[in-house]
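Scroll down for the structure; my scribbles are underneath it.
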There are 2 protein chains.
Amino acid sequence: MTQAAPKSHAGEQDVDLTASALDHRIEANGKLNGHANGPNGVNGHANGHPATLPALDASKLTVHTADPTAREVPDEATACSGNETICTDHMVTCKWTVAAGWEAPELKPYGPLTLMPTASVLHYATECFEGLKFFRGFDGKLRLFRPDLNARRMLMSTLRIALPGFDPKELEKLIIALVAKDGRKWLPRDRPGSFLYIRPAVIGTQPQLGVQAPKEALLFITASFMPRMDSPAGGMKLHTSPEDMVRAWVGGFGYAKVGANYGPSLLATAEARARGYGQILWLYGPEGYCTEAGASNFFVVWRAKDSGKLQLVTAPLDDKLILDGVTRRSIVELAKIRLPSELEVVERRYTIDEILEADGEGRIVEAFAAGTAFFICPVSAIHHRGKDITIPMSKTGESGLYTAKIKGWMKDIMYGNEQHEWGVVVDEE
Amino acid sequence: MTQAAPKSHAGEQDVDLTASALDHRIEANGKLNGHANGPNGVNGHANGHPATLPALDASKLTVHTADPTAREVPDEATACSGNETICTDHMVTCKWTVAAGWEAPELKPYGPLTLMPTASVLHYATECFEGLKFFRGFDGKLRLFRPDLNARRMLMSTLRIALPGFDPKELEKLIIALVAKDGRKWLPRDRPGSFLYIRPAVIGTQPQLGVQAPKEALLFITASFMPRMDSPAGGMKLHTSPEDMVRAWVGGFGYAKVGANYGPSLLATAEARARGYGQILWLYGPEGYCTEAGASNFFVVWRAKDSGKLQLVTAPLDDKLILDGVTRRSIVELAKIRLPSELEVVERRYTIDEILEADGEGRIVEAFAAGTAFFICPVSAIHHRGKDITIPMSKTGESGLYTAKIKGWMKDIMYGNEQHEWGVVVDEE
């Protein structure tokens, strides 16, 4: 028989329970900025533990310095040639438990983690991460690029995957501490125009089998070499996703940087690579909406069918299918400010058929993938259901004109050719 | 401009590229049964490495025995009361690399794993697992329940998440080796009617950041205590999933036991638990199709609207939204064989509205969740959008009649009251 629900729930809208629960938790953690609450703060954890436990606090960081002579810094080509990521001398770690909150974070020598075989992360993908770079400027300074955006997205991803919340400003301070510690040695002043890669991650470490929000977690941050992937010879070639494989879906978690978005995509990517393509162009729904290129956002420059206007088109954020990329956002903002009359920026759903049609009518101007790892990477071809679309790469064959222009602006900010608020200078030790 | 694709691809159907790639790999690994190929076999890995490397081979197992007096076996209640899973004395591990194939597996003392912070599994959810139990029979024997089905599903999950393939029979032998080693001490003869839980898992261990199929992996198998969850007081209460959270989707990976299906579900589950419900009843699509209950399959017994026939209804496998559960399959098979005239078994899509309608018309007879962890667990209520549906639990208030009957048959096979081919006896050391 059907009964009215218990009174406490009767008036509740639980239709968007997940999104609102997440929003409330993000808001609660945001209020911790500057430790207005003192050392105790909202944990914002799915376990619903009382908000009276120690919050993540960068001011408590303990430092154990590695022997600086123990490891030499390889050149970039050597460092990126093997099957192992070369990290710098140090890493940051911080433990959390539902009973005691966040411990004091540690900056210590880089090394292995020890996990029980029953650790949550190894079975249930209770894991999320971020990726950002730090840059050795042509002015000799070390810079991060908009690290506040990464830290805020990391909080959202962490809460989405039922791991403990934190004040994003504290994460940003920990990132800066690691860069300050290892920047001088690992990204030396005689390598201007170079970068290293920072990988913060949170994983569920509770050694208990069972499908539940972990009661123990570990935050860790590494800094490492990462190959330059923004200029593959002849441009990046994309293969559209097969009909029987969907990367993300409405109501899912495509917008969060959680491990669960990546592992399941590898099979199709490997298949595409075996056929000579670099990444998958992920389509969505029977309409074939273009969403992401590999694990990067995707942009097309075309002349609009109706108006004939030059447009920079990319998928929208509001359906939560794609990642709110820092590179994506910066491109959109720069194009709006610096090319207002030349290039109309359009964030909307668009289909692979629209691209095919534009190609047939000669309206495609250029295309590129954008993300931290691939930076801004020109796309030269899209393979879709037996057809190859060739994307113009300008006369030089290296990159489209707008791709090159926007990429140049971004580089200038990252490497200090332009003083800009997005380039956050780090004082190195 | 649009060109014809290169010749080698022109005739290819790549519409169902993923499913067919997977089927081919599963088939290739299946052919390894009994090592017809000798020690070299198909690795079936997404990296497409030549099939000339050592395959997983249980006959190469090396054994390092733990000190049997070092740890005492706790009673079941104590073992299941903490926040940590208590494992037995030993575990099985086996390393794989794309360059050298599978190493010799090891049976060794249970203990922590060491992973680099850059390990694939910690970032990209390159992980999958299985869950099965072994039982101390009332006849004193140790039994597994249909381990061949778990081993075959594990191969499918492993390939789906771009990890290396293996012959499922070899995995089964390794599981049996662990049960044989630890069964006598950890599931002693004076505990008939008890079980322990086996957790095989494969994880991507390559220490390299970057979204790619891992070139190193680790298979490990643990045996541990696991709480009995099949008889919560008053039955299991379910809360339907919020509209903004979808567990799995057509074209996704809901049918594979990969970590990526679990972590993203924890937030909604924690929210439901905070409201007094045990698990989420996952709905799919605007129609609200019932798919799974938590991480278990879901069954309803009702009188059909049209025919008035008594039906056992559960979601189908063909759309690949749900797990092909061993318990689910066994229930379907037993009900068909043993209750052919009484209960019609129906595997089809059915909606929450059909349940509401059947409830309103008094046609709901009983309902239960079914899986290895929850075994067969009576469901007493479903909360959906402000309404509570009460499910009959028979006069005793403990379980529906058919739920109890099927559960009894399963138990008899598991604990040796009935000699049945599904109960695989293990000779203990």
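The values are calculated or read from the model by the stated rules, or taken from the named source; none is laboratory data. Because the structure is a prediction, the values reported are computed rather than measured. Heads up, the Cβs are rebuilt from the backbone with ideal geometry, glycines too, and the neighbour counts pull from every protein chain shown. Note: accessible area is taken over every heavy atom of the protein model, side chains too, but ligands, DNA and RNA are not part of it. Shrake-Rupley method; radii C 1.70, N 1.55, O 1.52, S 1.80 Å.
Interface size, chains A and B: roughly 8400 Å² of accessible area buried, both sides included, 1.4 Å probe, rounded to the nearest 100. Working note: Karplus 6.51/-1.76/1.60 with θ = phi - 60° gives the stretch B:280-296 the couplings 8, 8, 7, 9, 10, x, x, 6, x, 5, 7, 10, 10, 10, x, 9, 10 Hz, where Gly and Pro are set to x. Taking all protein chains as shown and a probe of 1.4 angstrom, A:E216 keeps an accessible surface of around 60 Å². Which residues in the stretch B:95-110 place their backbone N less than 13 Å from a point set 7 Å from the Cα of B:K185 along the Cα-to-Cβ direction? Those under the cut-off are B:108-110. A label point on A:A233, set 7 Å along the Cα-to-Cβ line, lies at 7.2 nm from each of its counterparts in the other copies, closest listed first.
If the viscosity is 0.692 mPa s and the temperature 37 °C, what translational diffusion coefficient in µm²/s does Stokes-Einstein give for the stretch A:17-224 when Rh comes from Kirkwood over Cα pairs? Don't skip to the answer; put the middle values down first.
On the way: Rh = 17.8 Å.
Approximately 184 µm²/s, per Stokes-Einstein.
Counting Lys and Arg as +1 and Asp and Glu as -1 over every other residue whose Cβ lies under 12 Å from the Cβ of B:E333, the net charge comes to +3. Of the residues making up the stretch A:207-226, those losing 20 Å² or more of accessible area when the isolated chain is joined by the remaining protein chains, with a 1.4 Å probe, are A:P207, A:Q208, A:L209, A:V211, A:Q212, A:K215, A:F220, A:M226. Leaving out ligands, DNA and RNA but keeping every protein chain, what accessible area does A:K181 have, in Å² rounded to the nearest 10, with a 1.4 Å probe? So the heavy atoms of A:K181 present about 40 Å² to solvent. Assuming charge only on the beta carbon of Lys and Arg (+1) and of Asp and Glu (-1), the dipole of chain A about its Cα centre is about 340 debye to the nearest 20. Of B:A233, B:A217, B:A70, the residue with the greatest mean-square motion in the GNM of chain B, using alpha carbon springs below 10 Å, is B:A70.
Considering only the other residues whose Cβ falls under 12 Å of the Cβ of B:Y350, what net charge follows from Lys and Arg at +1 and Asp and Glu at -1? Before the final figure, lay out each step's value.
Working: positive: B:K305, B:R348, B:R349; negative: B:E287, B:E347, B:D353, B:E354, B:E357.
Summing Lys and Arg as +1 and Asp and Glu as -1 gives -2.
Residues whose amide H lies under 5 Å from that of B:M236, counting only those 5 or more places away or on a different chain, are B:V379, B:S380; hydrogens are built 1.01 Å from N in the peptide plane. Restricting attention to the stretch A:17-224, close to 95% of DSSP beta bridges with both partner residues there are antiparallel. Mean-square fluctuation check for chain A, GNM, Cα pairs under 10 Å: which of A:H123, A:H239, A:H90 is largest? Answer for the Gaussian network model of chain A: A:H123.
Per residue, how much accessible area does chain B show when a 1.4 Å probe rolls over the protein heavy atoms, in square angstrom? Intermediate values should be presented prior to the final figure.
On the way: 15540 Å² over 429 residues.
With all protein chains present, chain B gives 36 Å² per residue.
Around the amide H of B:K133, modelled in the peptide plane, lie the amide H atoms of B:F145, B:I198, all under 5 Å away and 5 or more residues distant in sequence or on another chain. Rounded to 0.05, the FRET efficiency of the B:E287 and A:T114 pair, given R0 = 35 Å and the Cβ-Cβ distance, is 0.15. Between copies, the label points at A:G397 (set 7 angstrom from Cα along Cα-to-Cβ) are spaced 8.2 nm, reported in nanometres from shortest to longest. Taking the helices alone, chain A has a mean residue ellipticity at 222 nm of -7500 deg cm²/dmol, built from -39,500 (n - 2.57) per DSSP H run of at least 4 residues and averaged over all its residues. Between this copy and the others, label points of B:T69 are 4.9 nm apart in ascending order, each placed 7 angstrom from Cα in the Cβ direction.
Within 11 Å, Cβ to Cβ, of B:D359, how many net charges do the neighbouring residues add up to if Lys/Arg are +1 and Asp/Glu are -1? Can you show the working numbers first?
On the way: positive: B:R363, B:K387; negative: B:D353, B:E354, B:E357, B:E361, B:D388.
So the surrounding residues net to -3.
Anyone know which of B:S341, B:S330, B:S265 comes out most mobile in the 10 Å Cα GNM of chain B? Result: B:S341 has the largest fluctuation of those listed. Per the 1.4 Å probe, what fraction of the accessible area of the protein assembly as shown, in percent, lies on carbon and sulfur atoms? C and S atoms contribute 52 percent here. Per-residue Cβ counts within 10 Å, from other chains only, averaged over A:266-277: what number is that? For peptide A:266-277, the averaged partner shielding equals 6.
The accessible area of B:T269, taken with all protein chains in place and a 1.4 Å probe, comes to roughly 10 Å². Summarising the amide proton neighbourhood of A:Q212: residues at separation of 5 or more, or on other chains, whose placed amide H is nearer than 5 Å comprise an empty set.
Translational diffusion coefficient of chain B at 4 °C, 1.567 mPa s, Stokes-Einstein with Kirkwood Rh over Cα pairs, in µm²/s as a whole number. Show your work: numbers first, answer last.
Values: Rh = 23.1 Å.
It comes out at roughly 56 µm²/s.
Among beta bridges identified by DSSP and lying wholly in the stretch B:250-397, the antiparallel ones come to about 85 percent.
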